[in-house]
Each structure stands twice: as C-alpha cells, then as structure tokens.
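Visitor: Before we start, here is the structure in question, set down as structure tokens.
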Amino acid sequence: MAGLKRRVPMHSLRYFISMVGLFSKSGLLPWYARNPPGWSQLFLGTVCKGDFTHVIATKCQKGQKSQKKPSHLGPLDGSWQERLADVVTPLWRLSYEEQLKVCFCSFILDSSSVETMSQESVEHSSFVKFEAQKKILQRLESYIQMLNGVNVTTAVPKSESLPCLLHPIIPSPVINGYRNKSTFSVNRGPDGNPKTVGYYLGTWRDGNIVCVRSNNLKNIPEKHSQVAQEELHVQKETVKEFFIRGPGAACDLTSLYFQESTMTRCSHQQSPYQLLFGEPYIFEELLSLKIRISPDAFFQINTAGAEMLYRTVGELTGVNSDTILLDICCGTGVIGLSLAQHTSQVLGIELVEQAVEDARWTAAFNGITNSEFHTGRAEKILPGLLKSKEDGQSVVAVVNPARAGLHYKVIQAIRNCRAIRTLVFVSCKLHGESTRNVIELCCPPDPAKKLLGEPFVLQQAVPVDLFPHTPHCELVLLFTR
C-alpha cells in the first residue's frame, strides 16, 4: 500500500500570527471511488424536476443579528471545542446519512450565527443539504424569468418549480479526516497561552479573537491534529528538526515548505515557498493519471471526493473526438487531461504559474500530446483564443472558478462564441458574482453588456459532496444552447 505523502508550508506572520499548513495524500482510494457505478446507480433515487411539495423552510428575519460573542476568555474545556466544531463543521453532531438531509441554508446564515446555534437548533433545522441546492436553483430561475419578461413579484419564487433536472447529492467516499491540507493559526488560546495552535473564534472587529485547538474536528486527519497540539517555533531549522526527529516525525512528511509573510495567505510570487527538506512536489493518482502538485497550486481538499466530482464533470461534457475542450480556471489541469483521450484538443487557462507548470508536467508524464496550457488572466487570454476556433468545430467549455466567480469579459467571450454549445459550470458557492455569471449566461441578448450570442439554457444540476460535516457541496451545472 502506498505511503502517505504530505507537504507543510509554514506562514510566519511577524505580527502575532503564524500559519501552519499541512498537505496530505490520502493514499489508495476506496474501490468505489476508483470504479464508480454508472449514472443509474450513481444517482440513487429519483431525480427531481418540476414541482415539489411538503418543503419546510425557516428563514432568518431580515436584519436579524446574531448574538454577540462573549469578550471574556475562560478555561480550555470541551465547550470551546464544541463552539469551534459548530463553526467549522456545523453538522458534526449528526450521522452522515442525517447530514445529507439536515443542513443550514448557507446563503442565509453566516458563520457567526451558526456558532451561536445549539445542538437542538441543528437537529431541528428544516433546511436540508439537498434543499439548499434546490433553493439556489429556484433563485436563479426567478432572476432568469424576470430578465425574460415574466411577471414575478419577488426574487425568490413562491412555486417549487426548478429550471433544470436536479440530481440527488453524490456522497463523499470519505467522511472523516478527509482534508488533505490543513491551515492552522498560532495565537492566544482561551487559557491565555500565546502559542496555541488551532482555529480562530470571534472577530477582530469585536476584539474577542481567541485561538482554539482543532484536535476534535471531524474533517481533519488525526496526524494533522497531533502536530497542531505541538509548540512550533518560527526558526526554519527548529521547524525542520521538529518534523524530522521530533514529534512531527509522526506525519512521515515527504516535503516541508516554509513561507514567510505578513499576510494570512499569499502567492509564491509575493513570498516564495522555501523547501526545507524533501521532494519539491507532491503527487496524486487520480482518474488513471499521475498528477504533480506544487505548493502554490490549488487542489481539492477531499481527494476521493474530487475523483467523483471530476468524473461527474466528464460525464456531463459529452465530449467526443471532434470536440475541443476549453478548461477555464483549470488549476493543475486534471479535468481537461482526464478527458484528453476523448477529445481532439484540450486548451487550459490558469492564473497561477506553478499550477500551469504542473499541468504541463502531468501531460508530458502521462503521454498526453493534444493539450495546451496558458498562464494569465482568463479575461485577457480567452477572447483571442476563441477567435481562432470559430471554424465550425465544436467547443465544450468547463469553468471551475474561485468563489469570486468569473470576470465579466470571460462571460462575454463564452456567450459570444457560437462554437460553444455546451458549458459545465462548477461552483462551491453559487452566490454573488457567480450568480451574476449564470444570469448573464442565460439572459436574453443585451447589446449594452455586449452579450450578443444566443443564451444558454440550464439543463441539469448535480451536487457532489466534498465537504462532509459542513453545509456545502460542489454544484455542477450543465448548460446547453
């Protein structure tokens, strides 16, 4: 059995805060993640389209504020651990089967209000994880109807109709300890210890920030938690010694990175990662590919769940040997490269330079010769790239943007490219700019916004659970025109 591979970037913040990141490889995946069932078995139960009944929803009153967090500190006891778990993994008290039913509506409740909720309110919450995805689609349907001149009185539709086929949630193959990376802060704990390693509770605005140990969080691997309970010093040699010969050796690291920064998070270009020991990269095996991952490159935190997600995307694209696959915000290129053998060409665009280098390495190592990866902002690269593809060849686009969504020029380029007939949009937080992205893909032509092409139609929505014990899902949307 393959050993675990991990990397650890450590952020040393000169002003009271240190950040420690642990990156883990999950090893061999379960058989059902390697060989998932077909669609008929994958989507258990009846898919949903049209009318729904007996839906109960409880909303926060408009303008309602969450209870203010106490400013005092206290002894380090189980209550602090439970408060942290209620923020980071608010469904932790429930079995996984119940979690797929019971959930908070994430676009109504924020993390501060979740923290104040009791176990009773969790168990009696009327929002379900599936219902949350349904509510998102209903909001989109309402906006699209208004743009098409349908007379609706509110932004949230009163009916239970959906704009597309909504499949049941695909469960995560791994439920506990699934995070392959963990980021910890170092600051004052509830007991006054200034070198407590864990996660923050409270807010800087209220001046009641406290760092709580994370060893009871269900989504963090046990070995990550063991390291987080140790006292880490900022000196690189001390950190190196800790992980080679000290208590941190239990992690069996293959790579240890150090990053010095005054920011919570920054790129390699802003503050270079320094390799203290081990291999410069970590590697994953996913969808029959060996994938290289640099410290600055994005990779899903749930490896087994990511395989289910990427298989779902591949099924929905419907690519063939005459198709050009356009992978926008491609990261390390996994989606495009996993489908390369079924397409005529893969074109990837990614902002992070290290991720593009990883994608090119992965393509070369796996013998994939029909892929190109471009570094830079999608809004600058995409329009020119699409102009050369207006020769009648079919283009399928896949977008997996960050939570901030796509730049409006990217939406314009996709909308105005007649060759793109199929679009798969992946989002873990379909709110704000991402919602506007979807509306502009589906709205009638609007010369003022330079949206001249035929609108897309939302056909299917598939939620894939990569985040057990939390309210969130990756939502995969299929658009055609």
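The values are calculated or read from the model by the stated rules, or taken from the named source; none is laboratory data. None of these values were measured; they are calculated from a predicted model. Glycine gets a Cβ as well: all are built from the backbone with ideal geometry, and neighbour counts include every protein chain shown. Calculation scope for accessible area: heavy atoms of the full protein, side chains included, ligands and nucleic acids excluded. Shrake-Rupley method; radii C 1.70, N 1.55, O 1.52, S 1.80 Å.
Visitor: Take GLU372, GLU97 and sort them by solvent-accessible surface of the protein heavy atoms, 1.4 Å probe, largest at the top. Please report the intermediate quantities before stating the final value.
Guide: Working: GLU372 80, GLU97 125 Å².
Ranked list, largest accessible area first: GLU97, GLU372.
Visitor: Let me ask something additional. Using a probe of 1.4 angstrom, how much of the accessible area of segment 165-224 is carbon and sulfur, in percent? Each step should come with its number before you reach the end.
Guide: Values: 1130 of 2400 Å².
Carbon and sulfur atoms account for 47 percent of the accessible area of segment 165-224.
Visitor: With a 1.4 Å probe and all protein chains left in place, how much of the accessible area of segment 271-351 comes from carbon and sulfur atoms, in whole percent?
Guide: Of all accessible area on segment 271-351, carbon and sulfur atoms account for 46 percent.
Visitor: Out of all DSSP beta bridges with both ends in segment 261-385, state the antiparallel percent to the nearest 5.
Guide: 35
Visitor: Just the Cα atoms of segment 270-382: what Rg and Dmax do they give in Å?
Guide: 14.0, 46
Visitor: Averaged per residue, what accessible area in Å² does segment 262-361 show with a 1.4 Å probe, protein chains only?
Guide: Solvent-accessible surface per residue comes out at 37 Å².
Visitor: Tell me, what is the per residue accessible area of segment 374-481 in Å², probe radius 1.4 Å?
Guide: 39
Visitor: Within segment 369-468, which trypsin sites (Lys or Arg not before Pro) sit in a loop by DSSP and count at most 15 neighbouring Cβ atoms inside 10 Å?
Guide: Working: sites: ARG377, LYS380, LYS387, LYS389, ARG403, LYS409, ARG415, ARG418, ARG421, LYS429, ARG436, LYS449, LYS450; in loops: ARG377, LYS389, ARG403, ARG418, LYS429, LYS450.
Filter output for segment 369-468: ARG377, ARG403, ARG418, LYS450.
Visitor: Step through the residues of segment 206-212 one at a time and calculate ³J(HN,Hα) from phi using the Karplus curve (6.51 cos²θ - 1.76 cosθ + 1.60, θ = phi - 60°), rounding each to whole Hz and writing x for Gly and Pro.
Guide: Ordered by residue, 3J(HN,Hα) equals 7, x, 10, 5, 9, 9, 10 Hz.
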